[in-house]
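Just below is one structure, and these are the notes that go with it.
The values are calculated or read from the model by the stated rules, or taken from the named source; none is laboratory data. All of these numbers come straight from a predicted model, not from anything done at the bench. Cβ placement follows ideal geometry from the backbone for every residue including glycine, while neighbour counts extend to all protein chains displayed. Ligands, DNA and RNA are excluded from the accessible area calculation, which covers all protein heavy atoms including side chains. Shrake-Rupley method; radii C 1.70, N 1.55, O 1.52, S 1.80 Å.
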Amino acid sequence: MQLDKSSLSKVPADDHVTTLEAARLLGMAVRSVQLMVDRGELEAWKTPGGHRRISRTSVERWRQGERVNTPPQDQVPTLSGHRTGPAPTPGRSAPRVLLIEDSAHFQNLIKLLLGQQFPQVELLTASDGISGLAMVGQYQPDVLMVDILLPGIDGAALITSLRAMPQFQAMQIIVVTSLDAQQLTPYAFSLHGIAVVHKPQLVVELPGLLSACLNKLPAQ
């Protein structure tokens, strides 16, 4: 949401933050915050000097799990999510993995890998950050595999949101990304302590990382 200039005088000085401050509060890259503003997900305006200012209230709403200009969670489409692997039993004997990835190629590659090497795993997939976040709440996965560059909500913002929720503290997370080490630098705060696999090394590295995550899960 963009505010018109006539409303600037009505905005208290302590009720807004710069793009850089918003990025630090959300644990995201500055570019991700700029895209959120462009999509209307954060309330923002520009000063007469052309500097962008972002509503502190909208940043806090985002941190607390609310969204600006997005539908309520019970209206978020989850039809983009798919389930593969064995049907779960009522006692959830199968470890549950949620993959949030917008590339059909890498979705299919990971499905193939897990089908061959982890046939005991129940795999769910989502193609964007918003439906993926809804599926985390709905299905409570044991392991989350998530890309960084996603439509809707980027992977770093999604991880930051989940880390603030006690019910997801035990969830194992693997980041799957095409970004190199330098490109990941702006996301370092959000990714601290999280395993990262680069897509060119996916076939070689992902099985070992997923095995390590599964071994940390409590006995079913």
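Worth pointing out:
- Some residue of segment 167-180 being at pLDDT below 90 and assigned to a helix (DSSP H, G or I): yes
Results for (1) assigned to a helix (DSSP H, G or I); (2) within 17 Å of the chain's Cα centre (by Cα); (3) closer than 22 Å to Thr185 by Cβ; (4) modelled with pLDDT of 80 or more, shown as yes or no for each residue.
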position: Asp14; (1), (2), (3), (4): yes, no, no, no
position: Val17; (1), (2), (3), (4): no, no, yes, yes
position: Glu21; (1), (2), (3), (4): yes, no, yes, yes
position: Met28; (1), (2), (3), (4): no, yes, yes, no
position: Ser32; (1), (2), (3), (4): yes, yes, yes, no
position: Glu41; (1), (2), (3), (4): no, yes, no, no
position: Pro48; (1), (2), (3), (4): no, no, no, yes
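- Residues in segment 91-141 that are under 17 Å from Val203 (Cα atoms) and acidic (Asp, Glu): Glu101 alone.
- Test: residue in segment 106-129 that is among the β-branched types (Val, Ile, Thr) and at pLDDT below 90: no
- Among the residues making up segment 117-166, a single one is more than 14 Å from the chain's Cα centre (by Cα), open to solvent by less than 10 Å² (accessible area, probe 1.4 Å) and free of Cβ contacts under 8 Å to residues at least 40 places away in the same chain: Glu122.
- Residue within segment 194-204 that is more than 17 Å from Glu101 (Cα to Cα) and open to solvent by 30 Å² or more (accessible area, probe 1.4 Å) present: yes
- Neighbours by Cβ (under 8 Å, 6+ apart or cross-chain): first from segment 184-201, in contact (Cβ under 8 Å) with a residue 24 or more places away in the chain and farther than 21 Å from Val30 by Cβ; second assigned to a strand (DSSP E or B) and open to solvent by less than 60 Å² (accessible area, probe 1.4 Å): Lys199/Val176; Lys199/Thr177
- Any hit, segment 88-96, residues being open to solvent by less than 60 Å² (accessible area, probe 1.4 Å), at pLDDT 90 or above and not polar (S, T, N, Q): yes
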